[in-house]
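*Asks:* Handing you a structure now.
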Amino acid sequence: LLGFPYQQLLPIFQKEVLEVGPSRLGLMYTAMGTGALTSSLIVASFSSLITKGYPQLIAGLVFGVALVAFALSPFYWLSIPLLVVTGAASQSYAVMNMTLMMMSSDPALYGRVASVQMMMRGFMPLVVLPAGFLVDAFGAPTTVATAGAIFAGAILLIGALRPALWHRGVS
């Protein structure tokens, strides 16, 4: 809920921060999607990886840091590769999160687990409203950078407090 609303805020970055036209916004979304698609294929190719906890925590950390870097970038052509990395890391984190949730669940509960995951996606539009208020109050770069930093900090905290998560995987 902290990281993913940046996607809906890209038009603000396009117009007010990077000061580029609508066609460049399309390239921003394409960069993000290219990173997400590429990382999905990479994660799928490593499906036999024994532990997925460590890569998931790394992907979450990279997502938060890349989000901060994108939010603070004043240059369009620097923002494009940062969006590729942000899209790749966010998708890797999400895919591994869903995989680990399913692997940790009783097969009889798969439908319910998947429903909870889908419910989280349904919350995204609701999160954009408070994010919009924060953007109005503090600006898009500050709002997105702060959300990315909190996300990365939460990942580090969870990794430190729950070291067993680093070693989660196929039993």
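The values are calculated or read from the model by the stated rules, or taken from the named source; none is laboratory data. Since the model is a prediction, treat every value here as computed from it, not as a measurement. Virtual Cβ from ideal backbone geometry, glycine too; neighbours counted across all protein chains shown. Note: areas computed on protein heavy atoms with side chains; ligands, DNA, RNA excluded. Shrake-Rupley method; radii C 1.70, N 1.55, O 1.52, S 1.80 Å.
*Asks:* How about the range 128-150: which of its residues are of a type in the set (A, V, I, L, M, F, W, C) and touching a residue at least 60 places away in the same chain (Cβ under 8 Å)? Spell out how you get there, then give the answer.
*Replies:* So in the range 128-150, the residues of a type in the set (A, V, I, L, M, F, W, C) come out as 128-129, 131, 133-135, 137-138, 140, 144-145, 147, 149-150.
Of everything in the range 128-150, those that are of a type in the set (A, V, I, L, M, F, W, C) and touching a residue at least 60 places away in the same chain (Cβ under 8 Å) turn out to be 128, 131, 135, 140, 144, 145, 147, 149, 150.
*Asks:* Continuing with this model, one more query. In the set 53, 60, 64, which member is surrounded by 15 or more Cβ atoms within 10 Å (Cβ to Cβ), in contact with a strand residue (DSSP E or B) (Cβ under 8 Å, 6 or more places away or on another chain) and closer than 27 Å to residue 161 by Cα? Step through it out loud before you land on a result.
*Replies:* Numbers: 60 fails: in contact with a strand residue (DSSP E or B) (Cβ under 8 Å, 6 or more places away or on another chain); 64 fails: in contact with a strand residue (DSSP E or B) (Cβ under 8 Å, 6 or more places away or on another chain).
Being surrounded by 15 or more Cβ atoms within 10 Å (Cβ to Cβ), in contact with a strand residue (DSSP E or B) (Cβ under 8 Å, 6 or more places away or on another chain) and closer than 27 Å to residue 161 by Cα holds for just one of 53, 60, 64, which is 53.
*Asks:* Hey, another quick one. Of the residues 132, 111, which is of a type outside the set (Phe, Trp, Tyr), over 15 Å from the mean Cα position of the chain (by Cα) and farther than 24 Å from residue 56 by Cβ? Steps first, please.
*Replies:* Details: 111 fails: farther than 24 Å from residue 56 by Cβ.
One residue alone meets the criteria, 132.
*Asks:* For the range 70-87, name all the residues that are open to solvent by 30 Å² or more (accessible area, probe 1.4 Å), of a type in the set (A, V, I, L, M, F, W, C) and touching a residue at least 40 places away in the same chain (Cβ under 8 Å). Lay out the reasoning, then the answer.
*Replies:* Quick first cut of the range 70-87, residues open to solvent by 30 Å² or more (accessible area, probe 1.4 Å) only: 72, 74-75, 77-78, 81-82, 84-85.
Narrowing the set further to residues that are of a type in the set (A, V, I, L, M, F, W, C) leaves 72, 75, 77-78, 82, 84-85.
72, 75, 84, 85, listed by residue number.
*Asks:* How many of the residues making up the range 1-29 are closer than 14 Å to residue 139 by Cβ and either among the β-branched types (Val, Ile, Thr) or in contact with a Phe, Trp or Tyr (Cβ under 7 Å, 6 or more places away or on another chain) (or both)?
*Replies:* Residues meeting the conditions: 3.
*Asks:* Looking at (1) assigned to a helix (DSSP H, G or I); (2) at pLDDT below 85; (3) open to solvent by less than 50 Å² (accessible area, probe 1.4 Å), which is the only condition residue 145 fails?
*Replies:* Only one criterion is unmet by residue 145, namely (2).
*Asks:* Taking the condition of being without any contact (Cβ under 8 Å) to a residue 40 or more places away in the chain and surrounded by 18 or more Cβ atoms within 10 Å (Cβ to Cβ), how many residues in the range 11-41 meet it?
*Replies:* 1
*Asks:* Return the pairs, sorted by first residue and then second, in which the second residue is at pLDDT 90 or above and open to solvent by less than 30 Å² (accessible area, probe 1.4 Å), the first residue lies in the range 151-170 and is within 13 Å of residue 54 (Cβ to Cβ) and among the β-branched types (Val, Ile, Thr), the beta carbons are less than 7 Å apart, and the residues are 6+ apart or on different chains.
*Replies:* Taking only residues 6 or more apart or on different chains, the pairs are 155/60; 155/64.
*Asks:* A follow-up question, please. Do we find that residue 22 is under 25 Å from residue 127 (Cβ atoms) and more than 16 Å from the chain's Cα centre (by Cα) in this structure?
*Replies:* On the way: under 25 Å from residue 127 (Cβ atoms): yes; more than 16 Å from the chain's Cα centre (by Cα): yes.
Yes, satisfied.
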